[in-house]
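The values are calculated or read from the model by the stated rules, or taken from the named source; none is laboratory data. Since this is a predicted model, take the numbers as computed values, not measurements. Cβ sites come from the backbone with ideal geometry, for glycine too, and all protein chains shown count toward neighbours. Heads up: the accessible areas ignore ligands, DNA and RNA and are worked out on the full protein's heavy atoms, side chains in. Shrake-Rupley method; radii C 1.70, N 1.55, O 1.52, S 1.80 Å.
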Amino acid sequence: STKKDGLIDLLFYTITEGKEMIPLSQFISALRKTGLLTSDPRLRDCVYQMRQSTRDSTGPVMMDKKLFRRCVGNNIMLLTKAFRKKFIIPNFEEFTQQIDKMYDSAQQQEGGQVADYIPQLAKFSPDLWGVSLCTIDGQRHSVGDTKVPFCLQSCVKPLEYAIAVHELGSERVHHFVGKEPSGCKFNKLSLNEDDKPHNPMVNAGAIVISSLIKPHSNKAERFDHVMEFLKSMAGTEYVGFSNATFQSERETGDRNYAIGYYLKEKKCFPDNADMIAALDFYFQLCSIEVTCESGSVMAATLANGGICPITGERVLSAEAVRNTLSLMHSCGMYDFSGQFAFHVGLPAKSGISGAVLLVVPNVMGMMCWSPPLDRLGNSVRGIHFCQELVSHFNFHNYDNLRHFTKKHDPRRRSDDDPNKSVVNLMFAAYSGDVSALRRLTCLFLSLCGIAPCFFLSGHLEAAIFLTEICKVNPHMKDRWGNTPLDDAMQFGHDVVVSVLQQYQCEYTDNNLQCDTEDVCTTKSCDKNYKLHS
């Protein structure tokens, strides 16, 4: 459609900064700066077209409007959002530079011991350290050892709980498991006053939860079911399984067997549940592998209310996510949970593999991983990183209270001064600088409100660009009641007059009505014009 073609052209000139052609590599680089990866499932068609053009070319590939249209096709809304800086973190490059500094700072932390009571965990180098993040718009950033697989261990607890609530509802799940922090070690033989495990984030609670998931299916089906769920949460990125860790867990899990028998004695399991099968399943779940990269997408699915940001698929119900984040906030960091809630103020879950799954609700998910643990079982570097993150950015749950000390808010745009942009746009129109017009109009300024000024100097090419590409409203009036056509006639710009007359005939409010977000309404345009004129 005409509207879509105009939008694609505007986007093209935004990216090329007014040029008719740029190297394809420059487009890919501009894409990465927004935070989007070429591996993003939403960009599959776009990447396919780019690969085709590279395959068919002998030298460096240049991107012109024709190739751009082929590439963009189905991704126009996503890419428009990206290049208009409408993602949750608009200045993504600046944000990730700060993340990298925090990564470097945490890397200096030398303390802690790698867990050794499960032999497979002891094999990891203490120098491994990775951080990945994924925003609710699918912006991605990774630094360090983010492609190395590691076991989720206790980080699987909130995930299996979320699956159970999603499928069974809160009432059924909490008939068997409590909601309060225990005040005890995660592997203690301890139940609350109702003889239930204290919460799903301690071993006793997680073992009971594992007996609730697909109770009537066989072992293989139950495991596959959870794996499919986790892959959906990770946007089909890496989710694996370490059989060696599973066997180690089984062989060294005396405490967990003791907890299992204690739960059985106190009738904590649903009727007909097989305690040994529940334990086996629990050991399997702890042995599921992710990387920082795939783990960050899982965390982002929680941050995004249960919808995976890179696939758009709803994986978990809103109820399941809310419950999960609430329990992560109060019980997710072993005996450090209260301190973490106080200082960091974000839902998180740690595991003895050195993982920390962190959620910034409505913003992003993160996975930090470094094997050396403190005496409470939390990753030394992971905790340090989380504290640094919240000391710099206003991500703490209570940072946004009124009159509170202001921290950096990466959700806010800082680089654009709309007044300056409007003035630049007016001068570009006045001087007939079409290259600058292309660049500036693609920032989707409210063109229609300042349209009357555009034709005063009678530049034909500028008039054609503003009518054919930008689709400005030709009926808008300035403070003196003049339309662009009136001005063009008054100043004797005959060629521009004919362009405008033809354009007015074609222009109808019905077939050229844009989304209010893209081009402003008549009332706001008029206000905008008076403001800047």
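Odds and ends about this structure:
- Accessible heavy-atom area order of THR54, THR301, highest first, probe of 1.4 Å: THR54, THR301
- Average projected area [Cα convex hull, the stretch 95-392], square nanometres: 13.3 nm²
- Dividing the mean sequence gap of close Cα pairs (under 8 Å, 6+ apart) by how many residues the stretch 157-212 holds gives a relative contact order of 40 percent.
- Annotation: amide H-H contacts under 5 Å for LYS185 (H modelled 1.01 Å from N, sequence separation of 5 or more, or interchain): none.
- Accessible surface comparison of LYS157, LYS65, probe 1.4 Å, protein chains only, largest first: the order is LYS65, LYS157.
- Additional length obtainable on full extension of the chain from ASN218 to ILE28, 0.36 nm per residue less Cα span: 63.7 nm
- Summary of packing: across the peptides 287-293, 212-218, the per-residue average of other C-beta atoms within 10 Å ranks them, highest first, as 287-293, 212-218.
- Shown is the FRET efficiency for ASP274 and SER170, computed with R0 = 30 Å from the Cβ-Cβ distance and rounded to the nearest 0.05: 0.75.
- Taking a straight Cα-Cα cut-off under 18 Å and skipping sequence neighbours fewer than 8 places away in the same chain, the aspartates and glutamates within cross-link reach of LYS477 are ASP486, ASP487, ASP509, ASP526.
- Considering only alpha-carbon pairs that sit under 8 angstrom and 6 or more positions apart, the relative contact order computed for the stretch 1-84 is 40 percent.
- Using the Karplus relation 6.51 cos²θ - 1.76 cosθ + 1.60 with θ = phi - 60°, the per-residue 3J(HN,Hα) values for the stretch 148-164 come to 7, x, 9, 7, 5, 6, 5, 5, 7, 4, x, 6, 5, 4, 4, 5, 4 Hz, with x marking Gly and Pro.
- Overall, the ratio between the Cα radius of gyration of the stretch 181-232 and 2.2 N^0.38 Å, rounded to two decimals, is 1.36.
- Two-site FRET efficiency, ARG44 against LEU189, from Cβ-Cβ distance with R₀ of 51 Å, rounded to 0.05: 0.50
- Furthest towards positive pole of dipole, MET62, THR34, LEU10, structure part the stretch 1-84, Cβ charges: THR34
- At an R0 of 51 angstrom, the distance between the Cβ atoms of VAL148 and LYS4 translates into a FRET efficiency of 0.75.
- For the stretch 89-176, the set of GluC sites (Glu not before Pro) satisfying both a DSSP loop assignment and a count of at most 16 other C-beta atoms within 10 Å is given as GLU110.
- Under 17 Å from the GLU319 label point (7 Å along Cα→beta-carbon), backbone N, the stretch 138-168: 161-168
- With each label modelled as a point 7 angstrom along the Cα→C-beta vector, the LYS19-GLN339 pair spans 5.4 nm.
- Here the peptides 484-493, 369-378 are ranked by packing, the mean other Cβ count within 10 Å, and the order with the highest first is 369-378, 484-493.
- Residue ranges 384-390, 328-334 sort as 328-334, 384-390 when ordered by packing (mean number of other C-beta atoms within 10 Å per residue, highest first).
- When each of LYS123/LYS157; LYS66/LYS471; LYS231/LYS406; LYS157/LYS267; LYS123/LYS196; LYS179/LYS231 is checked by Cα-Cα distance, pairs over 29 Å: LYS231/LYS406; LYS123/LYS196
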